[in-house]
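Data block below; observations after.
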Amino acid sequence: DAGVTQSPTHLIKTRGQQVTLRCSPKSGHDTVSWYQQALGQGPQFIFQYYEEEERQRGNFPDRFSGHQFPNYSSELNVNALLLGDSALYLCASSLWGSRTGELFFGEGSRLTVL
Amino acid sequence: AQSVTQLGSHVSVSEGALVLLRCNYSSSVPPYLFWYVQYPNQGLQLLLKYTTGATLVKGINGFEAEFKKSETSFHLTKPSAHMSDAAEYFCALLRSARQLTFGSGTQLTVLP
């Protein structure tokens, strides 16, 4: 049973560029959430997708956008990259109907912006 | 507002000693609380969770945590530290919108 998979694992971009990160949820899960973890900090919630719609959004600018596909996989897009966008981006999957809200995390995509 | 505070960004213990990582929460509704562990260059792994019921929760790798409503705490303990326990530990609170609010983390160092 495959867990949450993310790609790419590492990438380097320059300021002003755009990046797309990808996530496949754990088998049987229908909800994908994205978190940003800056160095030395706890993860911060970016947004959550269910039924191909953004359901919740954290305090992130519109440069951060996402998508969920019919197979439940998801993409995170960041436009006009800033140095401060350098972070580990974590994808988490869950079951929308779960009462306990347990999240399963992937190993992350580490983005470096130069 | 719902929030989580982890006391101590760095904790060092000797191998075989008690591990105690502190977490306090603020929540206007009964909380669902989690502890996650993160090894270097890896994602987050769930150690244990509290939802309802028994206030002493046992998790993986010998860790446990006790929910104390009167103290708004959910401290993580392990009786005897192993070298393999060295990692960063995050306490998290489930908000009503199915999103987790994380503490800032505690880096655990285990000394030989």
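Read-outs throughout are calculated quantities, based only on the coordinates presented, and are distinct from any laboratory measurement. Remember, it's a predicted structure, so these values are computed and weren't measured experimentally. With ideal geometry, Cβ positions are generated from the backbone for all residues, glycine too; neighbour counts draw on all protein chains shown.
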Task: Residue order, fewest to most beta carbons within 10 Å, for B:ARG95, A:ARG15 - done: A:ARG15, B:ARG95
Open item on the list: Just to confirm a number: summing +1 for Lys and Arg and -1 for Asp and Glu over residues other than A:GLU52 whose beta-carbon lies under 14 angstrom from that of A:GLU52, what do you get?
Closed with: -4
Task: Stretchable slack from A:SER7 to A:LEU83, in nm (0.36 nm times residue separation minus alpha-carbon distance) - done: 25.3 nm
TODO: Taking all pairs of distinct Cα atoms, average 1/r, flip it, and tell me the Kirkwood hydrodynamic radius of the range A:33-114 in Å to one decimal place.
DONE: 13.3
- [ ] Provide Rg and Dmax in Å for the range A:1-55, with only Cα atoms included in the calculation.
- [x] 13.2, 38
Task: Proximal aspartates and glutamates to A:LYS13, defined as alpha-carbon separation beneath 20 angstrom and excluding residues fewer than eight positions away on the same chain - done: A:ASP62, A:GLU75, A:ASP85, A:GLU107
TODO: Report relative contact order for chain B in percent, whole number only (criteria: Cα-Cα under 8 Å, sequence separation at least 6).
DONE: 37
TODO: Quote to one decimal, in nm, the extra length available between B:SER14 and B:HIS82 on full extension: 0.36 nm per residue of separation minus the C-alpha distance between them.
DONE: 23.6 nm
- [ ] Starting from the Cα of B:LYS78, draw a straight line to each of the lysines and keep only those under 25 Å, dropping any in the same chain fewer than 8 residues away.
- [x] B:LYS49, B:LYS58, B:LYS68, B:LYS69
TODO: Mind sorting B:LEU20, B:LEU76 by how few other Cβ atoms lie within 10 Å of their own Cβ, fewest first?
DONE: B:LEU20, B:LEU76
Open item on the list: Suppose we keep just the alpha-carbon trace of the range B:1-93; what are its Rg and Dmax in angstrom?
Closed with: 12.9, 38
Open item on the list: Let me test this: with uniform point scatterers at the alpha carbons of the protein assembly as shown, what is the Debye-based log₁₀ I(q)/I(0) at q = 0.17 1/Å?
Closed with: -1.23
Task: Residue of B:VAL37, B:VAL57, B:VAL29 that the Gaussian network model of chain B assigns the largest fluctuation, springs spanning Cα pairs under 10 Å - done: B:VAL29
Task: Neighbourhood net charge (10 Å Cβ-Cβ; Lys/Arg +1, Asp/Glu -1) for B:GLN99 - done: +4
TODO: Be a star and scan the range A:1-44 for residues whose amide nitrogen sits under 19 Å from the point 7 Å along the Cα-to-Cβ vector of A:THR112.
DONE: A:7-21, A:37-41
Task: Relative compactness, the range B:43-112, computed as alpha-carbon Rg over 2.2 N^0.38 Å - done: 1.17
